[in-house]
Amino acid sequence: MKRQDIVRMANQIADFHKPYPRDEAVAGVAQHIIDFWDPRMRADLAAQLAEDEAGFNELALAGAKRVVAGQPAQA
């Protein structure tokens, strides 16, 4: 999957969760990625984060890092 697509989708998910308290928003982003992104998309996300974190908004980045680290969505 193209980098710009991964970044755009992660940021869209984060934008949806933005009104929630930060911890809840990060957990929501992570849970959405876990629930709805197939393993190839999650692998592409991990590769993108390992290469460069540019373009991800703060909530998207925090949620994505949680998923890539294998942490549960709820902290």
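The values are calculated or read from the model by the stated rules, or taken from the named source; none is laboratory data. All of these numbers come straight from a predicted model, not from anything done at the bench. Because the Cβ atoms are built from the backbone with ideal geometry, glycine has one as well, and the counts that use them run over all protein chains shown. In case anyone asks, the SASA skips ligands and DNA or RNA and just uses the protein heavy atoms, side chains included. Shrake-Rupley method; radii C 1.70, N 1.55, O 1.52, S 1.80 Å.
Here are some notes:
- Cα-based shape type of region 17-69, given that a ≥ b ≥ c are square roots of the gyration tensor eigenvalues and the cut on a/c is 1.5: oblate
- Sparse-neighbourhood loop sites, chymotrypsin sites (Phe, Trp or Tyr not before Pro) in region 6-61 - DSSP loop, at most 14 other Cβ within 10 angstrom: none
- Between 0 and 90 degrees, the angle of helix 58-68 with respect to the longest Cα principal axis of the chain falls at about 70 degrees.
- Residues whose amide H comes within less than 5 Å of that of Lys18, counting only those at least five positions distant or on another chain, are absent (H built at 1.01 Å from N in the peptide plane).
- Each residue of region 34-51 was assigned a 3J(HN,Hα) from its phi angle through the Karplus curve 6.51 cos²θ - 1.76 cosθ + 1.60 (θ = phi - 60°); the sequence is 4, 6, 10, 8, 6, x, 5, 5, 5, 5, 4, 4, 4, 5, 5, 5, 5, 7 Hz, with glycine and proline shown as x.
- Multiplying the residue separation of Ala54 and Phe16 by 0.36 nm and subtracting their alpha-carbon distance yields 11.7 nm.
- The relative contact order of the chain comes to 43 percent, based on Cα pairs under 8 Å that sit 6 or more residues apart.
- Mean accessible surface per residue for the chain, computed with a 1.4 Å probe while every protein chain stays in place, in Å²: 59 Å²
- Max mean-square fluctuation residue, GNM over the chain, Cα-Cα springs under 10 Å, options Ala30, Ala43, Ala54: Ala54
- Among the GluC sites (Glu not before Pro) in the chain, those placed in a DSSP loop whose Cβ has at most 14 other Cβ atoms within 10 Å are Glu53.
- Share of carbon and sulfur in the accessible area of region 1-63 stands at 55%, probe radius 1.4 Å.
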